[in-house]
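Here, each number is a calculation from the coordinates, and none is a lab measurement. On a predicted model such as this, the values are computed, not experimentally measured, just so you know. As a convention, Cβ positions derive from the backbone with ideal geometry for all residues, glycine included, and neighbour counts pool all protein chains shown.
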There are 2 protein chains.
Amino acid sequence: MNPNAIAILGGTGDQGLGLALRFARAGRPVVIGSRKLDRARAAADEVRAAVPGAEVEGLDNADAVAKGPIVILSVPFEHTAGTVKAVKERLTAAHVVVSMGVPLATAIGDGAVRTVGVWQGSCAELVASLVPEGVQVVSAFQNVSAHRLRELAQPVECDVVVSGPPAPRKLVMALCALVPGLRGVDGGPLANARYVEGVTALLIGLNARYKVPEGIGVRFTGLPD
Amino acid sequence: MNPNAIAILGGTGDQGLGLALRFARAGRPVVIGSRKLDRARAAADEVRAAVPGAEVEGLDNADAVAKGPIVILSVPFEHTAGTVKAVKERLTAAHVVVSMGVPLATAIGDGAVRTVGVWQGSCAELVASLVPEGVQVVSAFQNVSAHRLRELAQPVECDVVVSGPPAPRKLVMALCALVPGLRGVDGGPLANARYVEGVTALLIGLNARYKVPEGIGVRFTGLPD
């Protein structure tokens with residue numbers, strides 16, 4: 001396991017691939033995980049093409065987990081539990097799992113401007129309920145626009161509320177600083193993820209009403225420097 | 001009824017009084033409502049002292065409602081239903097009721113960084129369920145810092161997500177523009193209030209963690225001008 005590697009499960013999707021591009025560009029080794037190995041490899045090729053010299057590989061989700069201590073879950077909400085169950089044998093206390101999912105009502109065939117209720121309180125807490133004991137779960141990156149992540153020449157201009165236990169929370173806040181325009185904000189305990197996940201549905205509605213397909217972001221005002 | 005008047009029920013509280021000061025300063029007639037007439041009058045005196053020439057009066061909540069078409073509900077969540085019930089006989093189709101409440105868990109003796117579930121989905125929808133037919137309800141102002149509202153020399157620096165039926169929503173968005181630093185953002189249908197109300201609990205936690213008693217606000221990035 002490379003201590004600097006970042007594994008992104010569902011890294012073939014828009015938002016996951018966007019993060020992969022940004023972290024690769026910041027010089028971090030990136031592992032793209034997918035249920036389908038060929039798609040993971042194709043996405044890794046795409047990163048390599050966009051970021052010359054990128055240290056990136058594409059693997060099956062479970063193999064990706066074994067490669068790095070940071071595992072970002074970037075799968076549609078309805079695949080969250082299945083993905084965690086499929087990789088949990090490979091998760092250890094050395095891992096920090098980052099939940100960026102949002103329980104959008106698209107999971108049940110309804111619209112993306114609405115959420116469904118999650119028994120555990122949030123997607124992040126659902127993930128926390130499924131990982132083996134000792135694995136730490138952090139919530140982050142929900143509200144970062146995939147489009148803006150992929151425009152590598154531009155800063156992303158979004159605050160990232162990071163929630164979870166203090167030590168991995170600080171670790172993920174530091175990851176945010178690798179991406180120009182992202183700022184990690186201390187979101188406190190994991191249960192706060194429910195509020196952050198809700199903002200995503202709100203932003204999707206704002207993007208439609210204001211016709212901003214690139215994605216509207218969030219900044220907090222009045223934070224100390 | 002003065003068509004320009006803004007009634008603020010619970011206008012003796014920090015946030016309501018802050019809005020009263022700002023709207024009075026923008027030249028709008030303001031009516032401060034309270035369950036206690038003497039407190040309403042004292043708050044009106046406070047506005048008059050801070051804003052020379054302010055057109056402001058203090059009245060009982062029900063009498064305040066009769067004075068203007070815009071009625072802002074600025075009461076603690078646990079007093080929301082009671083306040084609406086106490087004034088509903090005076091509400092007509094000429095009124096727009098603005099819900100700025102948040103179902104903070106302080107209502108049940110728990111902390112302000114958590115919310116309680118509202119059967120109707122949000123405080124704003126609770127209000128909508130209680131007003132007479134034909135009265136329109138809009139959600140706004142939840143995340144505006146009371147402290148920053150009251151610092152009249154400074155802009156507030158916060159976006160206000162306004163949700164509700166289209167016509168009164170536009171009306172309330174225009175109200176935001178009366179306050180330097182506030183920007184009304186089109187938050188779509190009233191049901192979106194649940195996401196906006198959740199942000200308040202998140203901000204209260206951020207204020208504590210970052211030690212910003214003045215209050216952290218929210219801005220959206222990427223909105224068209």
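The table that follows gives values for the structure above.
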{"read-out": "Where residue A:121 falls short, out of the listed (1) farther than 20 Å from residue A:33 by Cα; (2) free of Cβ contacts under 8 Å to residues at least 40 places away in the same chain", "value": "(2)"}
{"read-out": "Selection within region B:97-116 - among the hydrophobic types (A, V, I, L, M, F, W, C) and in contact with a Ser or Thr (Cβ under 8 Å, 6 or more places away or on another chain)", "value": "B:98, B:100, B:102, B:104, B:105, B:112"}
{"read-out": "Only one of A:180, A:165, A:155 that is closer than 24 Å to residue B:185 by Cα, more than 9 Å from chain B (Cβ to nearest Cβ) and surrounded by fewer than 24 Cβ atoms within 10 Å (Cβ to Cβ)", "value": "A:155"}
{"read-out": "Matching option when the condition is under 20 Å from residue B:126 (Cα atoms) and over 17 Å from the mean Cα position of the chain (by Cα), among B:54, B:112", "value": "B:112"}
{"read-out": "One residue from B:31, B:71 being β-branched (Val, Ile, Thr) and either surrounded by fewer than 23 Cβ atoms within 10 Å (Cβ to Cβ) or touching a residue at least 40 places away in the same chain (Cβ under 8 Å) (or both)", "value": "B:71"}
{"read-out": "Selection count, region A:205-220, where residues are within 7 Å of chain B (Cβ to nearest Cβ), at negative phi, in contact (Cβ under 8 Å) with a residue 24 or more places away in the chain and not charged (D, E, K, R)", "value": "5"}
{"read-out": "Residue check, residue B:142 more than 9 Å from chain A (Cβ to nearest Cβ), part of a loop (DSSP other than H, G, I, E, B) and within 20 Å of residue A:111 (Cβ to Cβ)", "value": "no"}
{"read-out": "Filter pass, residue B:149 being in contact with a Pro (Cβ under 8 Å, 6 or more places away or on another chain), more than 10 Å from every other protein chain (Cβ to nearest Cβ) and not acidic (Asp, Glu)", "value": "no"}
{"read-out": "Residues within region A:93-115 that are touching a residue at least 24 places away in the same chain (Cβ under 8 Å) and in a loop (DSSP other than H, G, I, E, B), tallied", "value": "10"}
{"read-out": "Qualifying residue in region A:191-199 (condition: touching a residue at least 60 places away in the same chain (Cβ under 8 Å) and away from every other protein chain (no Cβ under 11 Å))", "value": "no"}
{"read-out": "Criterion: at the interface with chain A (Cβ under 7 Å from one of its Cβ atoms), farther than 27 Å from residue B:24 by Cα and in a loop (DSSP other than H, G, I, E, B) - qualifying residue of B:223, B:202", "value": "B:223"}
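To keep it simple, each residue is scored yes or no on (1) more than 25 Å from residue A:117 (Cβ to Cβ); (2) aliphatic (A, V, I, L, M).
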residue	(1), (2)
A:155	yes, no
A:165	no, no
A:168	yes, no
A:181	yes, no
A:188	no, no
A:195	no, no
A:208	no, yes
A:214	yes, no
